[in-house]
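The values are calculated or read from the model by the stated rules, or taken from the named source; none is laboratory data. Remember, predicted model here, so these are calculated numbers, not experimental data. Heads up, the Cβs are rebuilt from the backbone with ideal geometry, glycines too, and the neighbour counts pull from every protein chain shown.
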Amino acid sequence: MNKKILIMDRFSQESFLFLNQQPGFEVVRAESPQKIPLEHLMTANALIIRSKTRIDENLLKNSPKLQLIITATSGFDHIDLEATQKWGITVMHTPTANVESAAQLTWALVLACSSQVLVGHRGIKAGEWNRESIVGLELSGRTFGIVGLGRIGSRVAQIARAFNMNVVAYDPYQEDDRFELLQAERSSYEEVLKTSDVISFHVPKTLETDLMLTRSHFEYIHRGMILINTSRGTVINESDLCEALERDYLRAVGLDVFEKEPLPRTSKLINYPQVVLTPHIGANTDEAFYKASSTAAEKLIRFFTDGSTSDTLPPRVAWYGATPFGAGPKN
């Protein structure tokens, strides 16, 4: 009997056709993550999803034949992993697909913040020529701090070295060999905050990374720092961030992720000229979308062909724990 594959979110047409050509599969697309016919869930052996699809206990109860879930994303906070383990369902993700795209966006925000590109752009659009008032920051010789030296953080570090920057990093789960390979100095979280001219976060959403940056940390950060977050919005307490901006603790901020998404129109972050905002587009390139879809398709075929798995969830380590860290209370 054919295995029924239900695709519940965006998926490349090339990968869809590829799956359809494989013997032993029936491939069905849901109209949208919010409109999933119950009869498809009841008979699906595998789900291919993205971040708009929430996997919870209720969905699993209505999926009695489900064996496999693959999320074509690097993040996985849209999946109740305790529930999938309870129901004995294998879960995989595609953590390598968006590495280049996410690192590229990180550096787009770094350059926008350090060179004040958008300030100049907006001025010219408004008919102004305020050349003398736009003063950038030269990155060469300065210190780039990275929190989370995984795939994306490592790529960001490589680019920082190309800019002739000193790299310091905090990641308790990486071996010394990775730091040495990247020519990054292993530092404590507090030291990264104190010494970095630019700091960038590259961690998943877990209990351990929730509210890593709060008021108590802003009190001792390197003054005039550029802060970048392209990981998850819950890493930073946005209210405390606004307070730090009002106290001129930060030179500029670049954010692709937020505590609430879409970002509310009432958010104070919108009002600061030194803050650059993008709508969670770190993985939004044609190449990343194609790689995530094709990787998901290949993982699915291997699973049902010979039972092999890769990039399974929950991860064995890598920022997945229950003990908060970092100085000071989460206020």
- Item | Extreme residue, farthest from residue 224 (Cα to Cα), among residues of segment 75-128 that are touching a Pro at 6+ places or on another chain (Cβ under 9 Å) and of a type in the set (D, E, K, R) | 82
- Note on the structure: When segment 241-255 is checked residue by residue, the ones that are assigned to a helix (DSSP H, G or I) and either in contact with a His (Cβ under 8 Å, 6 or more places away or on another chain) or surrounded by fewer than 18 Cβ atoms within 10 Å (Cβ to Cβ) (or both) are 242, 243, 246
- Just to be sure, is residue 145 surrounded by 12 or more Cβ atoms within 10 Å (Cβ to Cβ), out of contact with any Pro (no Cβ under 6 Å at 6 or more places or on another chain) and free of Cβ contacts under 8 Å to residues at least 12 places away in the same chain? no
- Task: Determine which single condition residue 66 fails, assuming it passes every other condition in (1) of a type in the set (A, V, I, L, M); (2) outside any strand (DSSP E or B); (3) surrounded by fewer than 22 Cβ atoms within 10 Å (Cβ to Cβ).
- Result: (3)
- Consider residue 291 carefully, then state whether it is of a type in the set (D, E, K, R) and within 27 Å of residue 196 (Cβ to Cβ). no
- Task: State which residue pairs qualify: first residue in the same structural domain as residue 58 (by TED's automatic domain parsing) and inside segment 9-38, second residue of a type in the set (A, V, I, L, M, F, W, C) and surrounded by fewer than 10 Cβ atoms within 10 Å (Cβ to Cβ) in any location, beta carbons under 9 Å apart, and separation of 6 or more residues or different chains.
- Result: 24/1
- In the set 159, 199, the lone residue that is under 17 Å from the mean Cα position of the chain (by Cα), at pLDDT 95 or above and either crowded, with 22+ Cβ neighbours inside 10 Å or over 27 Å from residue 79 (Cβ atoms) (or both) is 199
- Working only within segment 25-54, note down all residues that are touching a helix residue (DSSP H, G or I) at 6+ places or on another chain (Cβ under 7 Å), under 19 Å from residue 305 (Cα atoms) and small (Gly, Ala, Ser). 46
- Query: If you scan segment 1-41, which residues turn out to be closer than 20 Å to residue 60 by Cα and loosely packed, with under 13 Cβ neighbours inside 10 Å?
  - Reply: 31, 32, 34, 35, 37, 38, 39
- How many residues are β-branched (Val, Ile, Thr) and either touching a strand residue (DSSP E or B) at 6+ places or on another chain (Cβ under 6 Å) or modelled with pLDDT under 95 (or both) when one looks only at segment 277-292? 0
- Contacts under 6 angstrom Cβ, first residue in segment 92-119 being among the aromatic types (Phe, Trp, Tyr), partner surrounded by fewer than 20 Cβ atoms within 10 Å (Cβ to Cβ) and at pLDDT 95 or above, 6 or more apart: 107/159
- Query: In segment 138-154, is there at least one residue being under 12 Å from residue 202 (Cβ atoms), at pLDDT 95 or above and touching a Phe, Trp or Tyr at 6+ places or on another chain (Cβ under 6 Å)?
  - Reply: yes
- Query: Which residue out of 148, 136, 88, 120 is in the same structural domain as residue 162 (by TED's automatic domain parsing) and on the phi > 0 side of the Ramachandran plot?
  - Reply: 148
- Message: residue 258 - would you say it is touching a helix residue (DSSP H, G or I) at 6+ places or on another chain (Cβ under 6 Å), among the aromatic types (Phe, Trp, Tyr) and more than 18 Å from residue 144 (Cα to Cα)?
- Response: yes
- Task: Test residue 16 against the stated conditions and say whether it is at pLDDT 95 or above, in a loop (DSSP other than H, G, I, E, B) and under 16 Å from residue 294 (Cβ atoms).
- Result: no
- Enumeration of residues in segment 200-221 that are assigned to a helix (DSSP H, G or I) and either among the charged types (D, E, K, R) or touching a residue at least 60 places away in the same chain (Cβ under 8 Å) (or both): 215, 216, 217
- Item | Residue list for segment 222-236, filter: polar (S, T, N, Q), out of contact with any helix residue (DSSP H, G or I) (no Cβ under 7 Å at 6 or more places or on another chain) and outside any helix (DSSP H, G or I) | 231
- Of (1) hydroxyl-bearing (Ser, Thr, Tyr); (2) surrounded by 22 or more Cβ atoms within 10 Å (Cβ to Cβ); (3) under 18 Å from residue 109 (Cα atoms), residue 170 satisfies all except one. Which? (3)
